[in-house]
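Student: Quick one: this structure, given as structure tokens, is what I'll be asking you about.
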Amino acid sequence: MKQPPVLRDGPVTLKMANDGDVPELIDYYQRNQVFLRPFSPPWPENMFEPDIWPGRLAAQWDEFLQGRGCKLYLFDGTRIIGSVGLSGIQRGPFQACFLGYELDEHVQGKGLATRAVKLVTHYAFVELGLHRIQANYMPANERSGKLLRRCGFTVEGYARDYLYINGTWADHVLTSLTNADLLKP
């Protein structure tokens, strides 16, 4: 079986969640629902019901095992304080994916998201052999734009009505990061 990554940098530990983490996942999303909702696609109505989480986690594991994605949760001890995920992994001549992330409202501004994104981009380039990571953010989410710039992402464009977020189609700034050394011997 393909081994999931466990990524660490100082206080940052990123790993996939399992059924034993369900209470922590529910707690994380409950305490951050007001904070995250303006930047999130609609959540299922049963988001806080423990019975739905094993299926959600099984789907995340299936995506990982099939090489299509990797959803990692940011742990502070046993407490979940965020997530960073790679989705839509494409192989062939594209060798690319999308990056998504979120962080607990109460630990913002401590560099944790920057460390987590850098860990995951390194994993995507070195371990997965990808060439390009795309990450997009809503123009009003200046904090997200600054995070991506700190991590080396370059703005490539602007997409109107890009994603359905918080009950409306939202514009996004399109960014990417490439691994120019991927094809060098």
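Taken together, the values in this text are just the output of simple stated rules run on the coordinates, not laboratory data. From a predicted model like this one, the values you see are computed outputs, not experimental measurements. Reconstructed Cβ throughout: ideal geometry from the backbone, glycine too, with neighbour counts over all protein chains shown.
Student: Over the chain, with a Gaussian network built from C-alpha contacts below 10 Å, which listed residue (LEU14, LEU163, LEU112) shows the highest mean-square fluctuation?
Tutor: LEU163
Student: Taking amide H atoms as placed 1.01 Å from N in the peptide plane, list the residues 5 or more away in sequence, or in a different chain, whose amide H sits under 5 Å from that of SER40.
Tutor: ASN166
Student: Divide, for segment 6-133, the radius of gyration over alpha carbons by 2.2 N^0.38 Å, where N is the residue count.
Tutor: In units of the globular-protein estimate, segment 6-133 measures up at 1.04.
Student: Ranked highest first by average number of other Cβ atoms within 10 Å, how do 119-125, 174-180 line up?
Tutor: Highest-to-lowest ranking by the protection proxy: 119-125, 174-180.
Student: Please give me the summed charge of the neighbours of GLY111: other residues whose Cβ is under 11 Å from its Cβ, Lys and Arg +1, Asp and Glu -1.
Tutor: For residues surrounding GLY111, the net value is +3.
Student: Before rounding to the nearest 500, sum -39500 (n - 2.57) across all DSSP H runs of length at least 4 in the chain and divide by the residue total; then give [θ] at 222 nm in deg cm²/dmol. Working shown, then result.
Tutor: Details: 4 runs with 48 residues, N = 185.
Helix-only estimate at 222 nm: -8000 deg cm²/dmol.
Student: Under a crude label model (7 Å from the Cα following the beta-carbon direction), how far is GLN90 from LYS15 in nanometres?
Tutor: Taking the two extended label points, one gets 3.3 nm.
Student: Additional query: Treating cross-link reach as a plain straight distance, find the aspartates and glutamates whose alpha-carbon is under 15 Å from the alpha-carbon of LYS110, omitting any fewer than eight places away in the same chain.
Tutor: ASP9, ASP76, GLU102
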